[in-house]
1. In the stretch 85-111, how many are closer than 14 Å to Q35 by Cβ and either surrounded by fewer than 19 Cβ atoms within 10 Å (Cβ to Cβ) or under 13 Å from the mean Cα position of the chain (by Cα) (or both)?
2. Output the qualifying pairs, or none if there are none: Cβ atoms under 7 angstrom, residues six or more apart or on different chains, first residue in the stretch 58-77 and within 21 Å of K92 (Cβ to Cβ) and touching a residue at least 24 places away in the same chain (Cβ under 8 Å), second residue of a type outside the set (S, T, Y) and in a loop (DSSP other than H, G, I, E, B).
3. Let me confirm something: among A83, A91, which residue is in contact with a strand residue (DSSP E or B) (Cβ under 8 Å, 6 or more places away or on another chain), more than 11 Å from V29 (Cα to Cα) and part of a loop (DSSP other than H, G, I, E, B)?
4. Say whether the condition of being part of a strand (DSSP E or B), touching a Gly at 6+ places or on another chain (Cβ under 7 Å) and among the hydroxyl-bearing types (S, T, Y) is met by at least one residue in the stretch 44-66.
5. Being at pLDDT 95 or above, hydroxyl-bearing (S, T, Y) and loosely packed, with under 14 Cβ neighbours inside 10 Å is the filter here; which residues of the stretch 27-55 pass it?
Amino acid sequence: MSAAASGCPGCDSIPFLSDPTPVVQSVSVTPPNMQLAVGQLQQFTAAVLPSSVQQSVTWSVAPASVATISATGVVTAISAGQATVTATTVAKPVMTSTAIVTVTAPSAGQS
């Protein structure tokens, strides 16, 4: 947009500055759904787009009575139930993505 087009006649010589810093557009968690038995572990990954932004995410899970998650995205199934895994981008903390973990009790004869 030129200065004249912005409603400033005679201001064509004023440069408009744009912010060249890329902004997080999306984040997605893989796999989006997972079924685990109590005691099993599963690695989750997060893809932050565009790839030119900081890729770091923080991980959380709720409720923690069903599953826990490490700082690197490894979920440990604790007890039967359903939990939500959330990845939150560090560069833009309002940008999140979730996955559902369903934890089942071990079948008879398994520990």
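The values are calculated or read from the model by the stated rules, or taken from the named source; none is laboratory data. In this text the structure is predicted, and so the values were computed from the model without any measurement. Here Cβ is always computed from backbone atoms with ideal geometry, including for glycine, and neighbour counts include all displayed protein chains.
1. Of the stretch 85-111, the ones closer than 14 Å to Q35 by Cβ are 85, 99-107.
Then keep just the ones that are either surrounded by fewer than 19 Cβ atoms within 10 Å (Cβ to Cβ) or under 13 Å from the mean Cα position of the chain (by Cα) (or both); that gives 85, 99-100, 102, 104-107.
Looking only at that region, the number is 8.
2. T58/V90; W59/A71; W59/G73; G73/F44
3. Details: A83 fails: part of a loop (DSSP other than H, G, I, E, B).
Result of the check over A83, A91: A91.
4. Yes, the conditions are met somewhere in the stretch 44-66.
5. T45
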